[in-house]
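Starting off with a structure, shown below.
The values are calculated or read from the model by the stated rules, or taken from the named source; none is laboratory data. Because the structure is a prediction, the values reported are computed rather than measured. Ideal geometry is used to build each Cβ from the backbone, glycine not excepted, and the neighbour counts take in all protein chains shown. All accessible areas refer to the heavy atoms of the entire protein, side chains included, with ligands and DNA or RNA removed. Shrake-Rupley method; radii C 1.70, N 1.55, O 1.52, S 1.80 Å.
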Amino acid sequence: MELVQKEHERLVKKTKAAQGLKSVQNSIDLLQNARDAIAADPSQASIILAKLQNPVKASFDSINDSLKETHSGLNKYSKSLDKLFKDRPLPSTEHDLLSSQEHLINRAIAMHLLREGQFSVAATFLSEMAEKKAAEKKQANTANATENAASILDIDEVPSDEVRKQFATMYYILREMKENNNLLPAIQWARDNDEALAARGSNLEFELCRLQFVWLFHGAQEQQSPTPAGRQAALEYARREFHGFLPRYLREVQQLMGAMAFSPNLQDSPYRSIFNNPSAWSDVAHSFTREFCSLLGLSADSPLYIAATAGAIALPTLLKLQTIMRAKRTEWTTENELPVEIPLPPSYLFHSIFVCPVSKEQTTDENPPMMMPCGHVIAEESLKRLCKGSRFKCPYCPSESHPREARKVFL
């Protein structure tokens, strides 16, 4: 990767230092000046054109030399990319479990489009799905097919139309927040859903109101020095809105109020991190998206984006595995699981995986982890082999128990 970065930097330097554009502009200027001179005195046309020949030729030579340097740098950069990303076939789709789950793929695509605010594209996608279903099932009319296609957006008995309205609301609030620095729609949404948010232990409303206070404190300008008018507006906002937060966020409110005394030198105050946080707006936008999707029973990040990113991370490992399997003439024997571990970022690990310490096999829905009264956990099949229908001794401690005393563990 270092070679690619070096070639990229070298190419950028050559592009910036290239004289091609200057030479082109110089040629244009020469031709325009000659045209104006001939128009002013046509009798001097032959002399002007004769004088123009050498400068124009020199300009064209400079353009060609610049293009050669740029082309050479581009070729070297392309070769370094080819060395790093070799043309290899993708893993076979022989074990593609999603091929039989087309409705899940379509649902992920439609939900991703709605999350991104691409409502017209989502509507077109659902319409094309309906047409495809109508073509496959000629006995069903288009209206029924459209209804079935739209039903993939249903969430916990929430109809498709309501789901679209919810995402339209989320997109509007995020757009106001990111483009107009307007937190009021988000604050109002948090108050309309305060009971559901409180049940989740969410502090979204206070985060929004705190950022609104900071925004006013800076005079309604992002990351600017506080102004007297801004401090007064922030103080009035705090008196009007913060009384409801005092029981739970007393310390945080005190910090916001204490910053008033340090306003002339806020950069060196203990409250600098609160009032000069470059990521404050993106953080609160992510918190809002997470809470909004959680109330709909969805993840904060698009499953399609997560799946595509995780797949891109896993692809090199799977390609290497396929090469080794082909060389050793072995088969992929595991079902519903990967034969090797894929190192994913911690944020992409959603489900714990338990490997039985006795059989050294990964547990599944058919062979779940079972916890014995002593607290040790093994797979259900290992439990059956050990107990043989009667009391047995734990393989890791002296405790004895009966198989009916074991409890299924959910990870």
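Scanning for something out of contact with any helix residue (DSSP H, G or I) (no Cβ under 8 Å at 6 or more places or on another chain), without any contact (Cβ under 8 Å) to a residue 24 or more places away in the chain and of a type in the set (Lys, Arg), does the range 271-293 turn up at least one residue?
Within the range 271-293, one or more residues are out of contact with any helix residue (DSSP H, G or I) (no Cβ under 8 Å at 6 or more places or on another chain), without any contact (Cβ under 8 Å) to a residue 24 or more places away in the chain and of a type in the set (Lys, Arg).
Just a yes or no: is a residue in the range 363-383 under 33 Å from the mean Cα position of the chain (by Cα), among the polar types (S, T, N, Q) and open to solvent by 60 Å² or more (accessible area, probe 1.4 Å)?
Scanning the range 363-383 turns up no residue that is under 33 Å from the mean Cα position of the chain (by Cα), among the polar types (S, T, N, Q) and open to solvent by 60 Å² or more (accessible area, probe 1.4 Å).
Another question, if that's okay. What is the number of the single condition among (1) farther than 27 Å from Glu205 by Cα; (2) of a type in the set (S, T, N, Q); (3) without any contact (Cβ under 8 Å) to a residue 12 or more places away in the chain that Thr317 does not meet?
(3)
Going by what's in this entry, would Ile173 be described as within 22 Å of Val253 (Cα to Cα), assigned to a helix (DSSP H, G or I) and at pLDDT 80 or above? Show your work before the answer.
Values: within 22 Å of Val253 (Cα to Cα): no; assigned to a helix (DSSP H, G or I): yes; at pLDDT 80 or above: yes.
Answer is no for this residue.
Taking Ser269 as meeting all but one of (1) open to solvent by 40 Å² or more (accessible area, probe 1.4 Å); (2) modelled with pLDDT under 80; (3) of a type in the set (Ser, Thr, Tyr), write down the number of the exception.
Only one criterion in (1) open to solvent by 40 Å² or more (accessible area, probe 1.4 Å); (2) modelled with pLDDT under 80; (3) of a type in the set (Ser, Thr, Tyr) is unmet by Ser269, namely (1).
So that you can scan it fast, the table gives a plain yes or no per residue for (1) more than 28 Å from Gly117 (Cβ to Cβ); (2) not polar (S, T, N, Q):
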residue: Ala220; (1), (2): no, yes
residue: Pro228; (1), (2): yes, yes
residue: Glu236; (1), (2): yes, yes
residue: His243; (1), (2): yes, yes
residue: Val253; (1), (2): yes, yes
residue: Gln267; (1), (2): yes, no
residue: Asn276; (1), (2): yes, no
residue: Ala285; (1), (2): no, yes
residue: Cys293; (1), (2): no, yes
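Okay, moving on. Please specify each residue of the range 295-312 satisfying the condition of being closer than 18 Å to Gln118 by Cβ, part of a loop (DSSP other than H, G, I, E, B) and either open to solvent by 40 Å² or more (accessible area, probe 1.4 Å) or charged (D, E, K, R) (or both).
Asp301
Out of curiosity, is Ser347 modelled with pLDDT under 80 and either surrounded by 14 or more Cβ atoms within 10 Å (Cβ to Cβ) or more than 30 Å from Ser399 (Cβ to Cβ) (or both)? Working first, answer last.
Numbers: modelled with pLDDT under 80: yes; either surrounded by 14 or more Cβ atoms within 10 Å (Cβ to Cβ) or more than 30 Å from Ser399 (Cβ to Cβ) (or both): yes.
Yes; evaluated as a whole, the condition is true for this residue.
Looking only at the range 174-197, filter to residues that are surrounded by 20 or more Cβ atoms within 10 Å (Cβ to Cβ) and under 23 Å from the mean Cα position of the chain (by Cα); which one of those is nearest to Ala259 (Cα to Cα)?
Once the filter is applied, the top-ranked residue is Leu183.
For residues in the range 185-202 being assigned to a helix (DSSP H, G or I) and either without any contact (Cβ under 8 Å) to a residue 12 or more places away in the chain or β-branched (Val, Ile, Thr) (or both), which is nearest to Gly297 (Cα to Cα)?
The first filter runs over the range 185-202 and keeps only residues assigned to a helix (DSSP H, G or I), leaving 185-192, 194-199.
Within this subset, residues satisfying the condition of being either without any contact (Cβ under 8 Å) to a residue 12 or more places away in the chain or β-branched (Val, Ile, Thr) (or both) are 187-188, 192, 194-195, 198-199.
Numbers: Ile187: 21, Gln188: 21, Asp192: 18, Asp194: 16, Glu195: 16, Ala198: 16, Ala199: 14 Å.
Residue satisfying both the conditions and the ranking: Ala199.
Related question: Can you give me the number of residues within the range 35-77 that are out of contact with any helix residue (DSSP H, G or I) (no Cβ under 7 Å at 6 or more places or on another chain) and open to solvent by less than 50 Å² (accessible area, probe 1.4 Å)?
Number of matching residues: 1.
Is one or more of the residues making up the range 12-28 open to solvent by 100 Å² or more (accessible area, probe 1.4 Å) and either modelled with pLDDT of 80 or more or within 30 Å of Leu319 (Cα to Cα) (or both)? So that I can check it myself, show each step before the final result.
Initially, the range 12-28 is screened for residues open to solvent by 100 Å² or more (accessible area, probe 1.4 Å), giving 13, 16, 21-22.
Keeping just the survivors that are either modelled with pLDDT of 80 or more or within 30 Å of Leu319 (Cα to Cα) (or both) gives none.
No; the residues of the range 12-28 include none that is open to solvent by 100 Å² or more (accessible area, probe 1.4 Å) and either modelled with pLDDT of 80 or more or within 30 Å of Leu319 (Cα to Cα) (or both).
Run Ser269 past the list (1) within 30 Å of Ala108 (Cα to Cα); (2) assigned by the TED database to the domain that holds Phe213; (3) of a type in the set (Ser, Thr, Tyr) and report the number of the one that doesn't hold.
Here Ser269 clears every test but (1).
Run down Arg200, Arg248 and say which single residue is closer than 21 Å to Ala285 by Cβ, within 33 Å of the chain's Cα centre (by Cα) and either open to solvent by 60 Å² or more (accessible area, probe 1.4 Å) or not assigned by the TED database to the domain that holds Ala186 (or both). Write out each step before concluding.
Working: Arg248 fails: closer than 21 Å to Ala285 by Cβ.
Within the list Arg200, Arg248, the selection yields Arg200.
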